[in-house]
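> Here it is, the structure, as structure tokens.
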There are 2 protein chains.
Amino acid sequence: MNKFLPAEELGLRVSRISGMLREKGLDAVLISTNANIYYVTGYVFSGYVYITAEGDYVFFVRRPVGLEHEKAVYIRKPEQIAELLEKSGKKLPEKIAFELDRIPYSAALRLSAAFSQKTLLNSSDILSKARAVKTAYEIEKLKKSGIHHCMSYYRISGVFHEGMTDRELQIELERLLRLDGCLGQFRIAGESMELFMGNVLAGDNADYPCPYDFAMGGEGLDESLPVGCNGSIIRPGNSVMIDMNGNFTGYMTDMTRTFYVQYADIKAKAAHKLSIEIHKALASFIKPGVEAKSAYEYAKKMVDDAGFSDYFMGHRQKAGFIGHGVGIEVNELPVIAPRSKDIFEENNVIAIEPKFVIPGTGAVGIENTYVVGKDGLECITNFPEELAEL
Amino acid sequence: MNKFLPAEELGLRVSRISGMLREKGLDAVLISTNANIYYVTGYVFSGYVYITAEGDYVFFVRRPVGLEHEKAVYIRKPEQIAELLEKSGKKLPEKIAFELDRIPYSAALRLSAAFSQKTLLNSSDILSKARAVKTAYEIEKLKKSGIHHCMSYYRISGVFHEGMTDRELQIELERLLRLDGCLGQFRIAGESMELFMGNVLAGDNADYPCPYDFAMGGEGLDESLPVGCNGSIIRPGNSVMIDMNGNFTGYMTDMTRTFYVQYADIKAKAAHKLSIEIHKALASFIKPGVEAKSAYEYAKKMVDDAGFSDYFMGHRQKAGFIGHGVGIEVNELPVIAPRSKDIFEENNVIAIEPKFVIPGTGAVGIENTYVVGKDGLECITNFPEELAEL
């Protein structure tokens, strides 16, 4: 079975990484995490991807059996890699980098010993930066996710009924998304980050502080996973923020829409309108070469001028960003935050989520996923943005 | 808000860990991963749990705001911890251990620098061993998960209809489980392990090799998550193995049942019967003090004697274990495998899953979760075990 990327696309990704290795004066990189193995090869396998600065590469596969690719070599343990490279007449790298921001300390030591490295070199930055600029192939996958994501959202109103809890609505949305092809799994970077299929936040639960570094919180259903819906009945006057996972293709779009039940508070309506205006403003402000932090400042100034600072990105607890890259994981580069050092590049794919929490009503605002184009942003989650009745 | 464990239970878990620190000659441990923070405190927060060999402890909390506990101290970054300990008149530990098998290399270096440690010491083993022996409080949570897990399984036949795909059946089961209170999230240890809500494996897809270290495989729906159902129509003569996630309480039970459509192959029936017999035999064989590897050998001998070795734990690709601890994560200690060094202890909670893949039919066999008692195993997933028509 050959599950890997088409040769041309695979070559493109490998050459991007090998170019970055040369820039950094590194000889090779050994990749061992699922997200990065999937990025390079288009398939998740248990093992390692080895890429040299010259652009040579090998897939060292532990599982599954039966993979067929001219570059695939089976191993049982990483200690065999150096030996196999030598046997095939390849020079061992003097400077090989590992994903030190991702792999456990013990795993990093084991790999460095297998390559007789005295100093450990970090490839995490290279891979994050390579992944931040999407290829045309990846953008197609993202656009496809965006289309399915929107198709599912069109059915939201159809599953809501009076007296429903936030949890019950979330479960019906999970089912809709899954039936439309959502893969469920929500890949997320960071040792303490985890999330199930997204969040439905209704009423004041949106203001419940959560431990995770998300834009919004929620009490959750259990102390073991304290985020999102908490089982409250959705009541007239509540806003219902829907931020469900758009992973239909291995690449996920991030999209939030907000609804209300029966009537909406005036302040909540104004805040929602402001969120849409911020999107419009950023869609022409953000271009290749613009600093990510200036996009944050631009949005923040609009919020301050409108007098909504107290409610922006949470009320009791505030999130420190208004947007982030998306792709194989939901939290990629660039980060749109006050101290971000990222600069927008063409073909970044970013989610922007200026949101507000209005006490007594709940969360309002929208989130879209955009491709950064030469002249501004192209939205790939095209679904009505207005605050709508559920 | 106080989301933490009752004082007595918290004290029990802290004293278990501090006792193990003393045994190993360590002064303290700093815990930073969600699963272990949840184990010690009963709540997931962003931050660190500090425990000394003397049994003193502090929760250093980064997020969420508003946590109330006499031992909770707010910080922004780990570098503040040593300073805060000194300020409160506590002696800094000379030998502090971190979760080196779990936290990234970069994070481990940062923590060791924050405590001016020259040698990095590993606490992963201590925490895994502490967690392997469940408290009465934890066993209650597991039993509650088991009851809900079974309640959901009773509704399996009700959602199946002719012409359904494995994916469609899985989605309806996900919904049933979620409506019954399943939290969805499937916590799993290991840098390359991930899984959505469990697996429905129908027909020959059960024999499709997967990269993950699970008992069974499956092609999956996408190269980005190559495990489980693949969208095939469930056909007469197929076996349908259902192994869905039982996380109803933060503690998860693991339970597999197998069904058939219209008719079942004779060999598949016999293999399924053998799986049930292995369970019965192990339920009295496994006791505190018994080696885990001997339980594997016992089962393997029954399989060899019955002539089913070719199909045991997979056909094209075989799993190397027949059981594992369960709790906060689905893959805890002890491991029931040929080279396991684990020895069963009272109040281990283990899943046993002798399964077979019969080409042309699919996977058969069952999995139950058991508490290891003084005189044998107590099953906490009490649901009919026979191969039943769907």
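Here, each number is a calculation from the coordinates, and none is a lab measurement. On a predicted model such as this, the values are computed, not experimentally measured, just so you know. No Cβ is skipped: glycine too gets one built from the backbone with ideal geometry, and neighbour counts run over all protein chains shown.
> Using a cut-off of 21 Å between alpha-carbon atoms, which lysines can reach A:LYS91, once sequence neighbours fewer than 8 places away in the same chain are excluded?
A:LYS24, A:LYS71, A:LYS77, A:LYS118
> Rule-of-thumb check for the range B:133-389: C-alpha Rg over 2.2 N^0.38 Å? Write out the running numbers ahead of the final one.
On the way: Rg = 16.7 Å, N = 257, 2.2 N^0.38 = 18.1 Å.
Working it through for the range B:133-389, the quotient is 0.92.
> Would you mind working out the magnitude of the charge dipole of the protein assembly as shown relative to its Cα centre, with +1 at each Lys and Arg C-beta and -1 at each Asp and Glu C-beta, to the nearest 20 Debye? List each step's numbers first, then the result.
Details: 88 positive and 104 negative charges, 270 e Å.
The calculation lands at about 1300 debye.
> Mind listing the long-range amide H neighbours of A:SER46? Cut-off is under 5 Å, sequence gap 5 or more, other chains count too, H placed in the peptide plane at 1.01 Å from N.
Placed amide hydrogens put A:ARG62, A:ARG63 under 5 Å from A:SER46.
> Going by a ≥ b ≥ c, the root eigenvalues of the Cα gyration tensor, does the protein assembly as shown fall in the rounded group (a/c under 1.5), the prolate group (a/b larger than b/c) or the oblate group?
Numbers: a/c = 1.27, a/b = 1.22, b/c = 1.04.
Verdict is rounded for the protein assembly as shown.
> Right, here's the next one. Place +1 on the Cβ of every Lys and Arg and -1 on the Cβ of every Asp and Glu in the range A:133-389, take the dipole about the Cα centre, and give the residue among A:ALA319, A:VAL133, A:LEU176 whose Cα lies farthest towards its positive end.
A:VAL133
> Then there's this: For the range A:50-101, what is the per residue volume of the convex hull drawn over the alpha-carbon atoms, in cubic angstrom?
Values: hull volume 5.7 nm³, N = 52.
Per residue, the Cα convex hull of the range A:50-101 comes to 110 Å³.
> Between beta-carbons, use under 9 Å as the cut-off and find the net charge around A:ASP125, counting Lys and Arg +1, Asp and Glu -1. Working shown, then result.
Values: positive: A:LYS24, A:LYS129; negative: A:ASP101.
With Lys, Arg at +1 and Asp, Glu at -1, the neighbours total +1.
> For the protein assembly as shown, what does the helix formula give at 222 nm: sum of -39500 (n - 2.57) over DSSP H segments with n ≥ 4, over the residue count, nearest 500 deg cm²/dmol? Could the numbers behind the result be given before it?
Working: 20 runs with 248 residues, N = 780.
Helix-only estimate at 222 nm: -10000 deg cm²/dmol.
> Here's a follow-up. With 25 Å as the cut-off, how large is the P(r) tail for the range B:224-335, expressed as percent of Cα-Cα pairs? Let's see the in-between values first.
Working: 1970 of 6216 pairs.
Every Cα pair in the range B:224-335 considered, those over 25 Å come to 32 percent.
> Next question. Quote the charge dipole size of the range B:133-389 about the Cα centre in Debye, to the nearest 20; the model charges only the Cβ of Lys and Arg (+1) and of Asp and Glu (-1). Display every interim value, and only then the final one.
On the way: 25 positive and 37 negative charges, 87 e Å.
I would put it at about 420 debye.
> In whole angstrom, how long is each semi-axis of the equivalent ellipsoid of the range A:83-129, when you take the square root of 5 times every eigenvalue of its Cα gyration tensor and sort them from largest down?
Working: eigenvalues 85, 34, 16 Å².
The three semi-axes for the range A:83-129 are 21, 13, 9 Å.
> To continue, here is another question. From the Cα gyration tensor of the range B:7-131, with a ≥ b ≥ c the square roots of its eigenvalues, which class applies: rounded if a/c is under 1.5, or else prolate if a/b is larger than b/c, or else oblate? Write down the numbers at each step before the final one.
Working: a/c = 1.24, a/b = 1.05, b/c = 1.19.
In terms of gyration-tensor shape, rounded.
> Can you give me the Rg/Rh ratio for the range B:115-273, using Cα atoms for both radii and the Kirkwood formula for Rh? Provide the component values of the computation, followed by the final result.
On the way: Rg = 18.3 Å, Rh = 17.4 Å.
Rg/Rh for the range B:115-273 comes to 1.05.
> May I pose another question? Put a label point 7 Å from Cα along the Cβ direction on A:GLY11, then list its distances to the equivalent points in the other copies in nm, shortest first.
For A:GLY11, the other copies' label points sit at 7.0 nm, shortest first.
> Give the order of A:TYR212, A:TYR137 when sorted by the count of other beta carbons within 10 angstrom, beginning with the fewest. Could you put the intermediate results ahead of the total?
Working: A:TYR212 24, A:TYR137 16.
Ordered by Cβ neighbours within 10 Å, fewest first: A:TYR137, A:TYR212.
> Sort B:GLU79, A:GLU332 so that the residue with the fewest other Cβ atoms within 10 Å of its own Cβ comes first and the one with the most comes last. Could the numbers behind the result be given before it?
Values: B:GLU79 13, A:GLU332 22.
Ascending number of Cβ neighbours within 10 Å: B:GLU79, A:GLU332.
> Per the Debye formula with a single identical scatterer at each Cα and no solvent contribution, what log10 I(q)/I(0) holds for the range A:92-207 at q = 0.10, 0.12, 0.19, 0.22 Å⁻¹?
For the range A:92-207, the Cα-only Debye profile gives -0.54, -0.70, -1.07, -1.23.
> Which of the three applies to the range B:151-240, rounded, prolate or oblate, going by the alpha-carbon gyration tensor with a ≥ b ≥ c and a/c under 1.5 meaning rounded? Don't jump to the answer; show the numbers that get you there.
Details: a/c = 2.18, a/b = 1.14, b/c = 1.92.
Oblate, since a/c reaches 1.5 and b/c is not below a/b.
> Arranged by the count of other C-beta atoms within 10 angstrom, fewest first, what order do B:LEU201, A:LEU120 take?
Details: B:LEU201 31, A:LEU120 17.
Ascending Cβ contact count within 10 Å gives the list A:LEU120, B:LEU201.
> How much net charge surrounds B:GLU54 when only other residues with a Cβ under 15 Å from its Cβ are counted (Lys, Arg +1; Asp, Glu -1)? The partial results should precede the final answer.
Details: positive: B:ARG16, B:ARG22, B:LYS24, B:LYS71, B:LYS90, B:LYS91, B:LYS95; negative: B:GLU23, B:ASP27, B:ASP56, B:GLU94.
Local net charge: +3.
> For the range A:273-326 and the range B:324-385, write down the distance between their C-alpha centroids in whole Å.
Comparing the Cα centres of the range A:273-326 and the range B:324-385, I get a distance of 50 Å.
> Still on this structure: Along the charge dipole of chain B, pointing to its positive end and built from +1/-1 on Cβ of Lys, Arg, Asp and Glu, which listed residue (B:GLY373, B:SER152, B:THR258) has its Cα farthest out?
It is B:GLY373.
> Report the FRET efficiency, 1/(1 + (r/R0)^6), for A:ASP375 and A:ILE276, where r is their Cβ-Cβ distance and R0 is 35 Å, rounded to 0.05.
Working: r = 21 Å, r/R0 = 0.59.
According to the calculation, E is roughly 0.95.
> Cα-Cα over 22 Å: which of A:LYS3/A:LYS134; A:LYS341/A:LYS374; B:LYS267/B:LYS293; A:LYS293/A:LYS318?
Working: A:LYS3/A:LYS134 20 Å; A:LYS341/A:LYS374 20 Å; B:LYS267/B:LYS293 27 Å; A:LYS293/A:LYS318 17 Å.
Distance filter (> 22 Å) returns B:LYS267/B:LYS293.
> Run through the other copies and list how far each one's label point is from that of A:PRO288, in nm with one decimal, shortest first; the point sits 7 Å from Cα along Cα-Cβ.
Sorted ascending, the copy-to-copy spacings read 6.8 nm.
> Just A:SER18, A:SER239, A:SER224 to compare: in a GNM of chain A, with alpha carbon springs under 10 Å, which one fluctuates most?
Largest GNM mean-square fluctuation: A:SER224.
> While we're on this one: What are the DSSP H helices in chain B that stretch 27 Å or more along their long axis, judged by alpha-carbon atoms, and whose average Kyte-Doolittle hydropathy comes to at least -1.0?
Working: long enough: B:266-285 (28 Å, 0.29).
Long hydrophobic helices here: B:266-285.
> Could you let me know the centre-to-centre spacing of the range B:1-80 and the range B:225-241, using Cα atoms, in angstrom?
Value for the Cα centre distance between the two parts: 44 Å.
> Over chain A, with a Gaussian network built from C-alpha contacts below 10 Å, which listed residue (A:SER112, A:SER15, A:SER88) shows the highest mean-square fluctuation?
A:SER88
> Something else now. Could you tell me which of B:VAL61, A:ALA28, A:LEU333 has its Cα farthest along the dipole of the protein assembly as shown towards the positive end, charges placed at Cβ (Lys, Arg +1; Asp, Glu -1), taken about the Cα centre?
Selected residue: A:ALA28.
> Once you charge only the Cβ atoms, +1 for Lys and Arg and -1 for Asp and Glu, what is the size of the charge dipole of the range A:47-181 about its Cα centre, to the nearest 20 debye?
On the way: 22 positive and 19 negative charges, 74 e Å.
Charge dipole, the range A:47-181, about its Cα centre: 360 debye, nearest 20.
> What are the label-to-label distances in nm, one decimal and shortest first, from A:ALA72 to the same spot in the other copies, with labels 7 Å along Cα to Cβ?
So the label point of A:ALA72 gives 5.0 nm to the other copies.
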